[in-house]
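Heads up, the thing below is written out as structure tokens.
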């Protein structure tokens, strides 16, 4: 497990469009995934301890985002024979186990992760309705212990985007396991 941080991507950057399938083979286009106010994209996986620790928090923020007109999507770029826990059939189990009620997509070629410049799991992107990056950072300030969280940066960014308020420019990078590039 190699700890790595997300890289700095200038806020306001136009984010790429994509089309991926879920583990059952249903295709999802990014243009159809956007909510009225934007899209929350999380590159994540099943096996990384960092991703595992924050999945419940991501799901909670994703539900609030959707209610605010920002649709969530998770993307698994770790489809790699060396990491069988991240295989699509295991994604189906994770969806059921955690009650994930938004698309969890398979990035088998890793082209979407590459286009987003994703580095780690989780790597979080909040994108406005104009497809511009407004937040790229961590979920909160304590990935290890939710009871010790003092700042919920992603939740704050989602709330501000939904309310049309400015989003803090000071954003801390997400950190986690490196994406398992082929």
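The numbers here are math on the coordinates, done by the rules we state, and not lab data. A quick note: this is a predicted structure, and the numbers were derived from the prediction, not measured. Virtual Cβ from ideal backbone geometry, glycine too; neighbours counted across all protein chains shown.
Side notes on the structure shown:
- Between residue 141 and residue 170, the simple spin-label model (points 7 angstrom out along Cα→Cβ) gives 1.0 nm.
- Using the Cβ-Cβ distance between residue 7 and residue 163 with R0 set to 25 Å, the FRET efficiency from 1/(1 + (r/R0)^6) comes to roughly 0.35.
- Computed label-point distance, nm, for sites residue 64 and residue 92 using a 7 Å Cα→Cβ extension: 3.3 nm
- For the chain, the 222 nm mean residue ellipticity estimated from helices alone, with every DSSP H stretch of n ≥ 4 adding -39500 (n - 2.57) and the total spread over all residues, rounds to -8500 deg cm²/dmol.
- Highest mean packing first, where packing is the average number of other Cβ atoms within 10 Å per residue, the peptides 57-68, 25-36 line up as 57-68, 25-36.
- Separation between Cα centres of segment 113-138 and segment 1-23, rounded to whole Å: 4 Å
- Working ranking of peptides 117-123, 2-8, 175-181 by packing, defined as the average number of other Cβ atoms within 10 Å per residue, highest first, is 117-123, 175-181, 2-8.
- Within the listed set 92, 39, 133, the residue fluctuating most in the Gaussian network model of the chain (springs between alpha-carbon atoms under 10 angstrom) is 92.
- Principal axes of the chain: Cα extent on each, largest first, Å: 43, 36, 29
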